[in-house]
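The values are calculated or read from the model by the stated rules, or taken from the named source; none is laboratory data. Given the structure is predicted, the values throughout are model-derived calculations rather than measurements. Every residue, glycine among them, receives a Cβ derived from its backbone with ideal geometry; neighbour counts consider all protein chains shown. SASA here: full protein model, heavy atoms, side chains in, ligands and nucleic acids out. Shrake-Rupley method; radii C 1.70, N 1.55, O 1.52, S 1.80 Å.
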Amino acid sequence: MVDHVFADLSFAALYDSLNPWGPGDDFYLGLLRDAGSVLDIGCGTGRLLRRARAEGHRGRLMGLDPAAAMLVQARRARPDVEWVLGDVRVRRWQEDFDLVVMTGHAFQELVTDEEIRVCLRAAREALRDGGRLVFETRNPGARAWERWTPDRVHEITAADGTPARVWHEVLGADLDRGRIRFTETYAGPAWPAPRVNHSVLRFLDGGTLAAFLAEAGLTVTAQYGDWNRGPLTDTSPEIITVARRAGARRDDPNERP
């Protein structure tokens, strides 16, 4: 399913301003520099692939996203990258990529068990021997949703100079199933009244995540708790996972991407 906020051109134009480049982007960009071919699942506006191409990456770069409005932003900026509308249920690959990534907590948009299984199996099939799947998900132990409150207003400006205010509010937490329901509200001169988007994200603990990966035929070779590659603890902000196809060769036994 496409989140409504990502399917609207006016919201898509604000995405990069609301989510400025940060340490996570630097982490992934370092991986891209060393990979000959890259698939970015849930690429959004394609910021990561756009930066890699601008830096001179000459290999195959493909961004996959189900939201047409997000890909409009991507194509405008870098028509020399492959931008594909859809998801892993309608587009499949067979050992085509050295690196598959899911950034910007896109993995948490997979709410059901079946969505997770389908995505991980597709990622595994897309990897060449020795290739890596790398993604992050917020660690539920850090309870990030407790800071998603209406008093924390983000004031941003779109590329065309249009200002906007954005805030979040949690509506419900089903911790047994790891699901957090919340709203994201946009207000500004671009809209006659505040626009409210309803979303659900899933938070997986390390054990549940490991089980899904193993079921998909993927082996975890490294996990980090933050973008500085710090150790994963119960309260680390992130669960950053590096995985390979089970039984695949490993170029680096220490797995320091």
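Results, tabulated for the structure shown:
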| read-out | value |
| --- | --- |
| Other-chain or far-sequence residues with amide H under 5 Å of Thr221's (modelled H) | Val242, Ala243, Arg244 |
| Vicinal HN-Hα couplings computed from phi for region 162-173 (Karplus, 6.51 cos²θ - 1.76 cosθ + 1.60; Hz; Gly/Pro x) | 6, x, 7, 10, 9, 8, 10, 8, 7, 9, x, 10 |
| Total formal charge among the other residues, if their Cβ is under 15 angstrom from that of Gly56, Lys/Arg +1 and Asp/Glu -1 | +4 |
| Net charge over other residues, Cβ less than 10 angstrom from the Cβ of Ser37 (K, R count +1; D, E count -1) | 0 |
| Accessible area in square angstrom per residue, the chain, 1.4 angstrom probe | 47 Å² |
| In Hz, Karplus ³J(HN,Hα) per residue of region 36-41 (6.51, -1.76, 1.60; θ = phi - 60°; x = Gly, Pro) | x, 9, 9, 10, 10, 8 |
| The chain: DSSP helices with Cα axial extent of at least 18 Å and average Kyte-Doolittle hydropathy no lower than -1.0 | 113-126 |
| Answer label for Kirkwood radius over Cα pairs in Å (calculated), chosen among [x] 18.3; [y] 18.9; [z] 17.7 | [y] |
| Estimated vicinal HN-Hα couplings, Hz - region 224-240 in sequence order (Karplus 6.51, -1.76, 1.60; Gly, Pro = x) | 10, x, 7, 6, 8, 6, x, x, 7, 10, 4, 10, 4, x, 10, 10, 9 |
| Region 19-68 and region 174-225: distance between their alpha carbon centers, rounded to Å | 20 Å |
| Sequence-distant residues sharing a close amide H with Arg132 (under 5 Å, placed H) | Leu99, Val100 |
| Accessible-area composition of the chain, carbon plus sulfur, in percent [1.4 Å probe] | 48 percent |
| Residues whose placed amide H lies under 5 Å from that of Glu238, excluding near-sequence neighbours | Asn139 |
